[in-house]
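Asker: Mind having a look at this structure? Questions to follow.
All of the numbers you see were taken from the coordinates with simple rules; none came from a lab. Model, not experiment: these values are computed from the prediction. Every residue, glycine as well, gets a Cβ built from its backbone with ideal geometry; the counts of neighbours run over all protein chains shown.
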Amino acid sequence: MTKFRALMYREWRVSRKNNIIKALFLILFTAMMWGMMFSIMTDPSLAEGEKESLSVDYFVFCVSCFSIGVGIPTGDENFKSDLNSGWLRYSYSLPITVYDKISARMVRTAISTVIGFVFSIINIAVCCSVAKVPFSMSYIIIHFCVLVFALVISIIFDFFTLSARSIEEQKTKSEQGGIITFIIFVAAALLLMKINKISFNDFIAEDSVSFSFIHSLKADMLIWLIPLIPILIAVHIWVIYCRLSSAEGDSHSISVSKSSANNTKAVISDTHDYPKGFLYKEIRHNRIGILLIALAPLFSYIFASGMLTLVWFFDNAEDGYIKAITSNVVLLASAIVGACIASSLLTGIFKGDDKKLWGYFTASTSAGIKGFLYTKYVLLFAMNGIYLAASYFMSISVSTVRYFLFGEENISTMNVYTVVFFALLFLSALDIPFIVLFGTKKGSIIKISGLIVIVILLVLAIAYTPPETLDSIFAFCEKLIKNEAEGWVQLIPAAAPLLSLGVYYLSYRISCGLFMKGVNAYDK
Amino acid sequence: MTSKKSEARRLIIFLLLAFAVAWIPALVLNNVFGYHKWFETNKMLLLAQPVLYAPALANIITRKLTHEGWHNSMLHLNLKGNLKYYITALLIVSVMSAADGIFTTIIYGNNDWSELGRYFTCEQTASMLLKTFATVPLYAFITFGEEFGWRGYMNPKMKPIFGTVGTVIIGGIIWGMWYIPLIVGGRNFGTDYSGYPHLGIGAMCVICIFHGMMLMWLTEKTGSVYPAAIAHAMIDFGGKNTNQLLLSGVADDFSPTVTQQLVMMLPTFVICLVFMLLMLRDNKKRKAAVLPKTQ
């Protein structure tokens, strides 16, 4: 019992920061959902009965998914800390068994899941009483469905990640696990929809998304849901046991660490022909990132057309599939997806440089802090340019294929890519000072937290703005986008690119000022 | 130090490749689809890319074949101390076009300034200029395909053989001749003019000689091909629209002949000659710095 208490205390202590952040996110998210609910309730365009049911269904779906999702630690942040600190390997020399470790982890997960469950049910109950809608059994059943789903994702993810025995391996396996989990999730969701004869159109009621499918969840589903949960928990325990039973993980970890050692040797010995300077260090260090950003438009196009393919297949749609995937709509959708991928790749060039030793060394060189940050900003600009060029080639390739197959010409999407270029530049300019000051990880958390607060305030502001005012704002924005604005207002979209460039330069100056403060505050 | 012979050999290989990689697809596509369809619309732009990137590909292949290496590739940005040249690259084409617009109004508009600002308000003008300067340089990745070949390889190879003036003139003629399949297809001048296509080809060579002066000066000053790529993008993708802002008194149906177009570009040619003179002055200074001082 003492051992178990000690392990529980360790689990709680290691994960306390994450738990606090998750709790904050849960509260903020729930607050946002309350705001959205009230805004739907006060929407004059909806009929009285429709308002309440729409808002409650929406509230139930979102809050239940988030509460349970936050409760179950998919990916297990503690495992990463244990790898980083070396506790994982050390623990194999302690008088604790793998089952002891698993029990502590499962109890911690159970406690946070129960807290999430109860929090969600209480909020839904209050929501029902405010909206004067009866509390339905289906609101509890959706929680069990989400719980089953989260357990399945956890099992798949832990199957990949828990065999890692180094941080680099854990990162690689996390990415692999994430991709496979996503593919399985999409395939399973579509299969379930196919079996239950649910179409994508069922989710759309007139001009809004409908969650009324919640009411199709009947109490008899509990007959198989409730037994399924302990089965999944047992499978999960078995997966964790298999993955953590050995100090060396599976055989891959040994070969990975050997091959990385070989790579290190090659880099150390192979320097006499390489150019010098920070720019070449950055190019060498980030060559994979540069390659990935050049391929990002291709990946995003494959993703967007893949999603369309799945919808086409499961909806038994008519002909015109190739025409659809070569259309401007898919190109625009892939531009948005690609921008998200590019954004994370761009700020990824700062990873690995947020170390005290490197910071002090940089400051001592002849180029100094300014030279170092200058190369970072130039590389980021160049990567942005590479992304723009790759997007252009992707677009003209698809357009050429479309013309040869159907004789139809696509409108050029270069304007969209130009907007994405400046938007990415602007976002990077906002991002980098946080990374320089707080490091990659902390900086991202602080930035995301700030963004979430801004988004919540914006959503609430939009929710409570009168519809007439909203309509006039949207009409104004539409005029700006279509170049139909008059007077000096038309200078706003024209000046935006120059503003991005100005903010980018300002970001460079701010980062130079913050660099040493950040270095002194880094953990190591 | 490489000999003139080996440089000449590399230059010939480069030119053969630049012309072959560009002309073969261009001639085939002109015959099969017609110039306008494959080059000026969004229908099959992918097929136009080998033509646009032919000089850059020729540069890369020539370096590989002749084991030249990349030490003089001019792929560095060299931004430090050269920002003024990058800004010049951004603005100079619009300045030249504005001068062309003024000159056209004087010569073909009977010096009638009453219609100035008739088509564009102040805000529209400012909006157009801001968008041009902010977004057109992004198209430099397209014109990089030419500049990496002509300014990045051909000019440095020609200069030791022909000198600066020879490089500008011969290089300009070669560059103009490289456009033959496109001129024959109707680029810049159309197909409906007397003297087609020889007058058009000759005019293109003249334009390339003068533009080459400006682009070569930018490349020599910065040691980088990027300013030339930016200036070339400004020429091709809208930097020349400033002349529209200063046109006045010209009839709406005025359709200049090839010769008239060259006359309208006289201010551009004069400004390019200034760059030529600056290059010659820099050459003199460099020679004077190298020669030992005698008492």
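Asker: In debye to the nearest 20, how big a dipole does region A:273-398 give about its Cα centre with +1 on each Lys and Arg Cβ and -1 on each Asp and Glu Cβ? Before the final figure, lay out each step's value.
Answerer: Working: 10 positive and 7 negative charges, 165 e Å.
With Lys and Arg at +1 and Asp and Glu at -1, about 800 debye.
Asker: Can you give the percent of C-alpha pairs in region A:349-451 whose distance is more than 22 Å? It would help to have the intermediate numbers written out before the result.
Answerer: Working: 2616 of 5253 pairs.
Here the long-distance tail beyond 22 Å is 50 percent of all Cα pairs in region A:349-451.
Asker: For the pair B:Tyr119 and B:Ile87, what calculated FRET efficiency results from E = 1/(1 + (r/R0)^6), where r is the Cβ-Cβ distance and R0 = 25 Å, to the nearest 0.05? Write out the running numbers ahead of the final one.
Answerer: Details: r = 28 Å, r/R0 = 1.13.
So, using R0 = 25 Å, E works out to roughly 0.35.
Asker: Return A:Val503, A:Val114 ranked ascending by Cβ neighbour count within 10 Å, so the fewest neighbours appear first.
Answerer: Values: A:Val503 17, A:Val114 11.
Least crowded to most crowded, the residues run A:Val114, A:Val503.
Asker: Modelling each spin label as a point 7 Å along the Cα-to-Cβ direction, I'd like the B:Asn78/A:Glu478 distance in nm, to one decimal.
Answerer: 5.2
Asker: Expressed as a whole number of Å, what is the distance separating the alpha-carbon centroids of region A:280-311 and region A:389-451?
Answerer: Taking the Cα centre of each part, region A:389-451 and region A:280-311 sit 11 Å apart.
Asker: Name the shape class, rounded, prolate or oblate, that the alpha-carbon gyration tensor gives for chain B, where a ≥ b ≥ c are the square roots of its eigenvalues, rounded holds for a/c under 1.5, and otherwise prolate holds if a/b is larger than b/c and oblate otherwise. The partial results should precede the final answer.
Answerer: Numbers: a/c = 1.77, a/b = 1.28, b/c = 1.38.
Because a/c hits 1.5 or more and a/b fails to exceed b/c, chain B counts as oblate.
Asker: With unit charges on the beta carbon (Lys/Arg positive, Asp/Glu negative), name the residue among B:Ile13, A:Thr109, A:Leu357 whose Cα is farthest towards the positive pole of the charge dipole of the protein assembly as shown.
Answerer: A:Leu357
Asker: Next up: Per residue of region A:495-510, what does 6.51 cos²θ - 1.76 cosθ + 1.60 with θ = phi - 60° give for ³J(HN,Hα)? Whole Hz please, x for Gly and Pro, Karplus curve as stated.
Answerer: Values per residue, Gly and Pro as x: 7, 4, x, 5, 5, 4, 5, x, 5, 4, 5, 4, 4, 4, 5, 5 Hz.
Asker: Now, a different point. Between A:Ala188 and A:Leu295, 0.36 nm times their residue separation minus their Cα-Cα distance comes to what?
Answerer: Numbers: separation 107, 0.36 × 107 = 38.52 nm, distance 2.80 nm.
Residue separation times 0.36 nm, minus the Cα-Cα distance, leaves 35.7 nm.
Asker: Still on this structure, I have one more. Given a Förster distance of 22 Å, report the FRET efficiency between A:Leu491 and B:Asn241 from their Cβ-Cβ distance, rounded to the nearest 0.05.
Answerer: Working: r = 17 Å, r/R0 = 0.78.
According to the calculation, E is roughly 0.80.
Asker: For region A:334-398, take N as its residue count and report Rg(C-alpha) divided by 2.2 N^0.38 Å.
Answerer: Expressed relative to 2.2 N^0.38 Å, the Cα Rg reads 1.45.
Asker: Sticking with this structure for a sec: In which sequence would A:Met32, B:Met96, A:Met394 go, from the one with the fewest C-beta neighbours within 10 Å to the one with the most? List each step's numbers first, then the result.
Answerer: Numbers: A:Met32 19, B:Met96 26, A:Met394 23.
If I rank by nearby Cβ atoms, fewest first, I get A:Met32, A:Met394, B:Met96.
Asker: So for region B:35-161, averaging the separation of alpha carbon pairs under 8 Å that are six or more residues apart and normalising by length, what relative contact order in percent results?
Answerer: On the way: 50 pairs, mean separation 62.6, N = 127.
This gives 49 percent for region B:35-161.
Asker: Report the paramagnetic label zone for A:Lys441: residues of region A:5-31 whose backbone N is under 18 Å from a point 7 Å from Cα along the Cα-to-Cβ axis.
Answerer: A:10-23
Asker: Convex hull over the Cα atoms of region B:1-57, averaged projected area in nm²?
Answerer: Details: hull surface 17.2 nm².
Reported value for the Cα convex hull: 4.3 nm².
Asker: Sticking with this one: Rounded to the nearest 20 debye, what is the charge dipole size of chain B about its Cα centre when +1 sits on each Lys and Arg Cβ and -1 on each Asp and Glu Cβ? Don't skip to the end; give the middle numbers.
Answerer: Details: 24 positive and 15 negative charges, 344 e Å.
That gives a dipole near 1660 debye.
Asker: Rounded to the nearest 0.05, what FRET efficiency do A:Val126 and A:Trp87 give with R0 = 56 Å and r taken as the Cβ-Cβ distance? Could you check? Present the calculation step by step, with values, prior to reporting the outcome.
Answerer: Values: r = 42 Å, r/R0 = 0.74.
Using R0 = 56 Å, I get an efficiency of 0.85.
Asker: What is the Rg over Rh value, at two decimals, for the protein assembly as shown, using alpha-carbon atoms and the Kirkwood definition of Rh? Spell out each step's value before the answer.
Answerer: Working: Rg = 32.3 Å, Rh = 31.7 Å.
Rounded to two decimals, Rg over Rh is 1.02.
Asker: Just want to confirm a number: the relative contact order over region A:433-524, from Cα pairs under 8 angstrom separated by 6+ residues, in percent.
Answerer: On the way: 41 pairs, mean separation 45.1, N = 92.
Rounded, it is 49 percent for region A:433-524.
Asker: Report the Cα centroid-to-centroid distance between region B:218-269 and region B:85-129 in angstrom, as an integer.
Answerer: Centre-to-centre distance over Cα atoms comes out at 10 Å.
Asker: I've got another one for you. Provide B:Leu90, B:Leu57, A:Leu192 in ascending order of the number of other Cβ atoms located within 10 Å of each residue's Cβ, fewest first.
Answerer: Details: B:Leu90 20, B:Leu57 17, A:Leu192 10.
The fewest-first ordering by Cβ neighbours comes to A:Leu192, B:Leu57, B:Leu90.
Asker: Okay, moving on. On full extension of the chain, what length is gained from A:Ala31 through A:Val107, given 0.36 nm per residue of separation minus the C-alpha to C-alpha distance?
Answerer: Going from the current span to full extension adds 24.5 nm.
Asker: A follow-up question, please. Taking N as the number of residues in region A:413-474, what is its Cα Rg relative to 2.2 N^0.38 Å? List each step's numbers first, then the result.
Answerer: Working: Rg = 15.9 Å, N = 62, 2.2 N^0.38 = 10.6 Å.
The reported ratio for this selection is 1.51.
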